[in-house]
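Structure first, then comments.
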Amino acid sequence: IDNRRIMNEAKDFYLATSPPDSFLDDHNLSRPHPERVPFLVAEAPRPRHTLDELNPQKSKHQGVRRAKWHLGIRSQSRPNDIMAEVCRAIKQLDYEWKVVNPYYLRVRSKNPVTSAYSKMSLQLYQVDSRTYLLDFRSID
């Protein structure tokens, strides 16, 4: 009985149709990738309620928003996948590492000429709901 019910429901589930016209209107299919947006993005003017209204001079940058910038590597992959790739890369480079927590590593490499260690830390930050930033920092 359960298999018959599942088969009857599966027919409707796998019904291939085109999306409704309203779907195409609501979603801009040519939206640029967030990592490839231009440096300055013009916005539509919006009402402002600041002290700028008291200033008689108009700002030249009104209506223009500067894009955020970060140092490091940005990714939209899952955090565990990012850290797995980082560990694979540092292992391939024959670095030594210490796991401080799952998203923070201390890494070192020995210089064969001077026998001194170069050290750095790698930390993964969440930039927004789906973007992560892998930060590199040199340690003395």
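What follows is calculated from the coordinates using simple rules that are stated; it is not laboratory data. Only a predicted model underlies this, so the values are computations on that prediction, with no experimental measurement involved. A quick note on method: Cβ atoms are made from the backbone with ideal geometry, for glycine too, and the neighbour counts reach across all protein chains shown.
Between Asn80 and Tyr125, the distance separating the two model label sites (each 7 Å from Cα on the Cα→Cβ line) works out to 2.5 nm. Taking amide H as placed 1.01 Å from N in the peptide plane, the amide H of Tyr95 sits under 5 Å from none that are at least 5 places away or on another chain. Here the Karplus curve 6.51 cos²θ - 1.76 cosθ + 1.60, taken at θ = phi - 60°, turns the phi angles of region 123-140 into couplings of 9, 9, 10, 9, 7, 9, 4, 9, 10, 10, 10, 9, 9, 10, 9, 6, 10, 7 Hz, with x standing for Gly and Pro.
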